[in-house]
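Enquirer: I have a structure I would like to understand better, so I am pasting it below and will then ask my questions one at a time.
The values are calculated or read from the model by the stated rules, or taken from the named source; none is laboratory data. On a predicted model such as this, the values are computed, not experimentally measured, just so you know. Counting neighbours? That spans all protein chains shown, and the Cβs are built from the backbone with ideal geometry, glycine included. Surface accessibility is based on the protein's heavy atoms, side chains included, excluding ligands, DNA and RNA. Shrake-Rupley method; radii C 1.70, N 1.55, O 1.52, S 1.80 Å.
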Amino acid sequence: MMSSNSSINGFYNILNQGLNDLHQTFISHNFMSFQFLSQVISSLQSFHSHLTLLVRKLRLPVGGKWLDEYMDESSRLWDSCHVLKSAISGMDNYYSSSSNIVSSLDGYHHFTPEFSRQVIRAINVCQREIIGMEEENKSLTETRIQQLSQCLNQNTNISADSNSKLNGYSGFRGVLFAMRSVSSLLLMILLCGITYCWSSSCFHQGLGQGYHEGHMVFGSGFMVSMAMLQQKVAEEIDNNDGQHRILLFEFQQAKIAMEELKVEMERVTCYGNDDEHGCEIQEKVENVKSCFGLLRCGVESITGQLDDFFDEIVEGRKKLLDMCSHR
């Protein structure tokens, strides 16, 4: 029993430390940058890995409901990560479209009004693709964001009376409760950053007394750490005008760079082109290349992380099923 308690307390401490590290990463990087979101996925993967290891240490009964609850949680992670994978692949298509525009401009210094209009039409097509992608992402995430937000709210409405229930299966039910709370928050952050964000309202769910009661029940600070991260994300969304959009920093920078290039092209159609103006356009082209290069690297990195996480979820489920069958 002492060994079980030690393992469970160790898991709560891992959650607490991981959330504190995420909070520090959030405040030291650009809002919803790839660096931060990559760390969110790494944390989610690490928490899930430690959860699977903990199950093997606790020697839980074969055929118990704990296995169904674990499978439900891992399925929830799987489904949400598939939405993220779909959204990130849309950004890859956006990069491909923009790279064709940049290629057509590379090396040019003297632009005719006719050629500039062709470039503007290509940029308009690319920008319409963004609107379509965001609308598709919005429908993809609508149900899931609501479910995660509700789950976060329900999971924080706990009290000391919950101790007996959370101690079920040698404390594993409390561990699953903690994992579900933390993963709900991290998945919401990922969906708002990569897929679509309505407003900060979903991050205000459950903030308040529930976290302090949760701290008393678990004897760990992870729920307080959750509240700090959750509140900080909500504040930053509000500071960014709470706009309905994909919040990913590198994605927004690429959109801005493309719009600035479009403005320069429109100037050519109105006033013609000179050598000085041609240099300004080339600066805008280089900025577009740089921004979309960063976007592409980030997309490839996040895609690789999600693929690794899918593999780990499958492996974790297989290990626990094998463990139960061998017993």
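Enquirer: For segment 298-311, enumerate the residues that are touching a residue at least 12 places away in the same chain (Cβ under 8 Å), open to solvent by 50 Å² or more (accessible area, probe 1.4 Å) and either farther than 17 Å from Gly90 by Cα or not in a helix (DSSP H, G or I) (or both).
Expert: Asp308 - this is the single residue of segment 298-311 that is touching a residue at least 12 places away in the same chain (Cβ under 8 Å), open to solvent by 50 Å² or more (accessible area, probe 1.4 Å) and either farther than 17 Å from Gly90 by Cα or not in a helix (DSSP H, G or I) (or both).
Enquirer: If a residue must be surrounded by 15 or more Cβ atoms within 10 Å (Cβ to Cβ) and of a type in the set (D, E, K, R), how many such residues does segment 68-105 contain?
Expert: So the answer is 4.
Enquirer: Further question on the same structure: Can you name the residue in segment 223-257 that is basic (Lys, Arg) and modelled with pLDDT of 90 or more and, of all such residues, is farthest from the chain's Cα centre (by Cα)?
Expert: Lys255
Enquirer: Could you list all residues from segment 47-64 that are in contact (Cβ under 8 Å) with a residue 60 or more places away in the chain and in a helix (DSSP H, G or I)?
Expert: Phe47, His48, Ser49, Leu51, Thr52, Leu54, Val55, Arg56, Leu58
Enquirer: Can you name the residue in segment 55-67 that is loosely packed, with under 14 Cβ neighbours inside 10 Å and of a type in the set (Lys, Arg) and is also modelled with the lowest pLDDT among such residues?
Expert: Ranking the qualifying residues of segment 55-67, first place goes to Arg59.
Enquirer: Go through segment 174-195 residue by residue and tally those that are in contact (Cβ under 8 Å) with a residue 40 or more places away in the chain and open to solvent by 10 Å² or more (accessible area, probe 1.4 Å).
Expert: Summing the residues that are in contact (Cβ under 8 Å) with a residue 40 or more places away in the chain and open to solvent by 10 Å² or more (accessible area, probe 1.4 Å) in segment 174-195 gives 1.
Enquirer: Conditions first: (1) out of contact with any Cys (no Cβ under 6 Å at 6 or more places or on another chain); (2) modelled with pLDDT of 90 or more; (3) open to solvent by 20 Å² or more (accessible area, probe 1.4 Å). Arg267 passes all but one, so which condition is the exception?
Expert: (2)
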